[in-house]
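The values are calculated or read from the model by the stated rules, or taken from the named source; none is laboratory data. Here the structure is a predicted model, which is why all the values come from computation and not from measurement. So basically every Cβ, Gly included, is an ideal-geometry build from the backbone, and we count neighbours across all protein chains shown. For accessibility, only protein heavy atoms count, side chains too; no ligands or nucleic acids. Shrake-Rupley method; radii C 1.70, N 1.55, O 1.52, S 1.80 Å.
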Amino acid sequence: MCGIVGYTGQRQAAPILLDGLSKLEYRGYDSAGIAVRDGNGEIEIVKAKGRLAALSEKTDCGRALAGTCGIGHTRWATHGEPSENNAHPHLSDDGNVVGVHNGIIENYQELREKLLHNGYHFYSDTDTEVAVKLIDYYYKKYLGTPVDAINHAMVRIRGSYAMAIMFKEYPGEVFAARKDCPMILGAADGECYLASDATAILKYTRSVYYIGDLEIGRLKDGAVTFYNLDGDEIEKEKVEILWDEEAAEKAGYEHFMMKEIHEQPRAITDTLGSVLEGDSLNLEGVGLTDEALKEISDICIVACGSAYHVGVVAQYVIEDLAKVPVRVELASEFRYRKPLLKEKELVVIISQSGETADSLAALREAKSMGAKTFAIVNVVGSSIAREADHVFYTMAGPEIAVATTKAYSAQLIAVYCLAVQMAKARAQIMDAYYKELVKEMTLLPGKINKILEDTGRLQWLAARQANVKDAFFIGRGIDYAISLEGSLKMKEISYIHSEAYAAGELKHGTISLIENGTLVISVITQSGLYEKIVSNMVECKSRGAQLFGLTTYGNYNIEDTTDFVIYVPKTDEHFAASLAVVPLQLLAYYVSLSKGLDVDKPRNLAKSVTVE
């Protein structure tokens, strides 16, 4: 959730650190800070509460800080309130060790007591200060190297972390340590970089290393060296990041979210293209041959947030096409309820970042039970991608806005491919229908572009909903799954209280909340359920609700029931989510814009939730 950057080389470090932190603002934060060491090991630390602009102003855009080695951090408060005092970097009592940290140290109170007993003092409420001083303690106790000190600390720390650390006696070096939190290291042209996300350093290098769990990295003299928990040097494979820095810029759009909404056709095309061969799909490259698909008895989809909503869509589509039982689990609940997995069950983990803490823990739980695991992720080399038995990479490119759009759409096309190919492999659909489904998937990008060509009516509607206090999204079947995502988009960026319900459940309590002016958004793409949901809409209208209908072209009689209708092109109804979600994304965006909110960085939210 927090952001880390580090640099050592020949150039002034502070401007590079600030530039890197600016690329990580989308992750969510409440304060920021940088630490720079000069050639003599002297350190200067500057921190600021609030946006990065405050830190930049304090340091004259970094020009006020001398030194060619440094680390920086954007903090999301977990231990201790947002403040300059609690902001990172933190340092040991005598300034010997300075560090930044992402994650949560679960036994920090125990370690704090140990350090207090050994004469250390604490100025903040953070677990990070504890980690920094623990490293300093072991460095002095054993009179060893930084690697020795960090190794001893890693053995004692329980929890998750990615750390960047500097030592006074090693003025041109930066050390990194990791467990369960993302961290990459890179080197180019005699300079070294580290970051919690590739976007922070793409401007400088696209050749990076992924540091593994319980490993240490050392940045020195333009080279990166890695060590295991025993302190032995180990070799790591360099990875080339294929998308470039330009892909993470706004490209003329006012917000990243709008840019990424418009990038959905390309994300779908590229993701589908990775497994498309002519008019057929081939999943062998992602580890699922037709023979393997035949062997699967059940599917368990595990995810969080929007990825969970993708799983709900997948449940309807896979069960209907492939006739395989599917259940969808919240990753945060999966490992705590002692799940039962069958011998031939496939556990599918869906995550944009590939670092989502709950999803990663669920993956490990499934593997410990002997289950076959299959990951759908967007980030190459991420923890979930590396640890799953098989991985399907979505080709969405970097997604910067906190509210996911194109990653969601890329995940949808991935689960469609799984459903369609599984249905064919298990002889549940005829070859002609299989070809028809594959063709229809290739047409989805063009149909999304048609929706994006005309957004004027949605802007008009959004401007009139800015003061709405409550919104309810209703649908049946796949339309219920679409409603879940539409509701999430509305609440997370417009701060309007919003809920999604299976329409048939309204009369079991929810309809008591409907009153004059309540906004009810009905998703109606499933023809077999059309009359049922119209009946539910009439019930809401009779209680004073404003009705907004979202349906496919041809259902024009819906205008007799609703106050406002948006139409999307027709497609095979299994794929309706890919089209229907786009107007809902746009509606949330325009409502947020009408309220003058920060669309890309909604309050209290982070892009990658890397702590439990």
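Observations
- Candidates 221, 189 - the one that is touching a residue at least 12 places away in the same chain (Cβ under 8 Å), closer than 25 Å to residue 45 by Cβ, touching a Gly at 6+ places or on another chain (Cβ under 8 Å) and open to solvent by 30 Å² or more (accessible area, probe 1.4 Å): 221
- Exclusive hit being modelled with pLDDT under 90, basic (Lys, Arg) and closer than 18 Å to residue 70 by Cβ, set 179, 203, 168: 203
- Which numbered condition residue 347 misses (of (1) crowded, with 23+ Cβ neighbours inside 10 Å; (2) at pLDDT below 95; (3) of a type in the set (A, V, I, L, M); (4) not in a loop (DSSP other than H, G, I, E, B)): (2)
- Taking the stretch 466-487 as the range and being open to solvent by 10 Å² or more (accessible area, probe 1.4 Å) and touching a strand residue (DSSP E or B) at 6+ places or on another chain (Cβ under 8 Å) as the test, the residues that pass are 468, 469, 470, 476, 480, 484.
- Scanning the stretch 342-373 for residues that are of a type in the set (Val, Ile, Thr) and either under 15 Å from residue 332 (Cβ atoms) or touching a helix residue (DSSP H, G or I) at 6+ places or on another chain (Cβ under 6 Å) (or both) yields 347, 349, 350, 356, 373.
- Residue 463 passes every criterion in (1) touching a Leu at 6+ places or on another chain (Cβ under 7 Å); (2) open to solvent by 10 Å² or more (accessible area, probe 1.4 Å); (3) closer than 22 Å to residue 600 by Cβ apart from (1).
- Each residue in the stretch 416-444 was checked for being aliphatic (A, V, I, L, M), in contact (Cβ under 8 Å) with a residue 12 or more places away in the chain and not in a helix (DSSP H, G or I), and 1 of them qualify.
Matching residues to (1) under 23 Å from residue 196 (Cα atoms); (2) polar (S, T, N, Q):
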residue	(1), (2)
45	yes, no
59	yes, yes
104	yes, no
111	no, no
116	no, no
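- Members of the stretch 272-308 found to be buried (at least 21 other Cβ atoms within 10 Å of the Cβ), touching a strand residue (DSSP E or B) at 6+ places or on another chain (Cβ under 8 Å) and either free of Cβ contacts under 8 Å to residues at least 12 places away in the same chain or assigned to a helix (DSSP H, G or I) (or both), listed by number: 307, 308
- Of all residues in the stretch 557-575, those that are within 18 Å of residue 447 (Cβ to Cβ), touching a residue at least 60 places away in the same chain (Cβ under 8 Å) and either open to solvent by 10 Å² or more (accessible area, probe 1.4 Å) or not in a helix (DSSP H, G or I) (or both) total 7.
- The set of residues in the stretch 377-415 being without any contact (Cβ under 8 Å) to a residue 40 or more places away in the chain and in contact with a strand residue (DSSP E or B) (Cβ under 6 Å, 6 or more places away or on another chain) consists of 377, 384, 385, 388.
- Positions within the stretch 50-76 being surrounded by fewer than 24 Cβ atoms within 10 Å (Cβ to Cβ) and among the polar types (S, T, N, Q), in sequence order: 56, 59, 68
- Residues of the stretch 319-369 satisfying the condition of being under 18 Å from the mean Cα position of the chain (by Cα) and among the β-branched types (Val, Ile, Thr): 348, 349, 350, 356
- In the stretch 230-242, the condition of being open to solvent by 30 Å² or more (accessible area, probe 1.4 Å), under 16 Å from residue 163 (Cβ atoms) and at pLDDT below 90 is met by no residue.
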